[in-house]
Amino acid sequence: MQELLYEIDRGYDEALTWSKDALRQLQKPYGKLQNIDMRDINRLNKPELASLLSRSLHYMDELMGYVRDMRNSTSAVQNDLIESQKQVISVQKELSDCKSKLLETLKDTVKSSVVDSVKSEFQTYSSIVEKSQPKEQVISPQTLQSVVKHVVQEEDRSHNVILFGLAEENDSELSKTVSDVFQGIGQKPKIVETCRIGNKSRTSQASVRPVKVKVSSSIVAGQLVANARNLRNVEKFKTVFVCPDRSPEQRQIHRDLVKEMKERASKETGKTFFIKDGQISFRDKIASNG
């Protein structure tokens, strides 16, 4: 293609020189070829006319050659483009296959995790039963079903977080609002589902229902809870709190911990208390210099 462009430039320069010579022959050195008519050509004698015609045919032949070469080059570019598109399609297919394999691997991992959790829970329950009941007693199918249901619910709940204090202004865009909250703490999780919990109060406008958010994995949910404290620095969402999705039993345990923590905080004012990993922890307050 580069060589063709060079040849076209060279041919243009030669044609420009010839056109200037032709205009001088026709006694119109400052005119243009498109303005030449038959009267101008009739002024030429036969040798001059033959020379003009010969050079015209020569440049016409060169022009046809350039057009032919350009058409071939265009065809080659089109072929290269088609080949590139085939390669892009092939890469897209490979990416799609990799994504499918990754999803299958993730499903197998989750399935394996649930199975392991069921086994662990079952073994724990079995050990309790063995200690409290005669050896010959067999676990009932209803009990086993209850254990499995409990494990599955816990696994499903681990993918959720609960948002408290998020104003009910425009719930038609609830997912977007939740995304804005998470972006405020530097997180961009894949949100699977969002919904308000409970019925909307008709008597109290100040009552705000919590929001349950389902994300792609328990790891992502844990990251959201771990970074939730940074919301206090976001003016728009400083009254919003992010908590794990606890079972009723877990909520009662957490309430008891909060109650105990408040009692200890009122007695030991020189310490800052907080709940971490299901236990009450504390650190000494930093004394102010003023």
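Laid out as a table, the results:
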| item | result |
| --- | --- |
| Condition check for Arg264: part of a loop (DSSP other than H, G, I, E, B) and touching a residue at least 12 places away in the same chain (Cβ under 8 Å) | no |
| Any helices (runs of 4 or more DSSP H) falling wholly within the range 139-249 and containing at least 2 residues that are modelled with pLDDT under 85 and touching a Ser or Thr at 6+ places or on another chain (Cβ under 9 Å) | 141-157 |
| Number of the exception - Ser73 against (1) open to solvent by 80 Å² or more (accessible area, probe 1.4 Å); (2) at pLDDT below 80 | (1) |
| Residue that is farthest from Pro210 (Cα to Cα) [pool: residues in the range 233-262 that are charged (D, E, K, R) and open to solvent by 90 Å² or more (accessible area, probe 1.4 Å)] | Lys262 |
| So Ile280, is it assigned to a loop (DSSP other than H, G, I, E, B), more than 32 Å from the chain's Cα centre (by Cα) and over 27 Å from Ile197 (Cα atoms) | no |
| Residue count, the range 164-214 (criterion: in contact (Cβ under 8 Å) with a residue 40 or more places away in the chain, within 25 Å of the chain's Cα centre (by Cα) and over 20 Å from Asn233 (Cα atoms)) | 4 |
| Residue match in the range 228-243 (condition: touching a helix residue (DSSP H, G or I) at 6+ places or on another chain (Cβ under 8 Å), among the β-branched types (Val, Ile, Thr) and in contact (Cβ under 8 Å) with a residue 60 or more places away in the chain) | yes |
| Answer residue from the range 173-200, given it is among the aliphatic types (A, V, I, L, M) and within 16 Å of His159 (Cβ to Cβ) and is least open to solvent (accessible area, probe 1.4 Å) among those | Val178 |
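The values are calculated or read from the model by the stated rules, or taken from the named source; none is laboratory data. These numbers were taken from a predicted model, which means no experiment stands behind them. Because the Cβ atoms are built from the backbone with ideal geometry, glycine has one as well, and the counts that use them run over all protein chains shown. Calculation scope for accessible area: heavy atoms of the full protein, side chains included, ligands and nucleic acids excluded. Shrake-Rupley method; radii C 1.70, N 1.55, O 1.52, S 1.80 Å.
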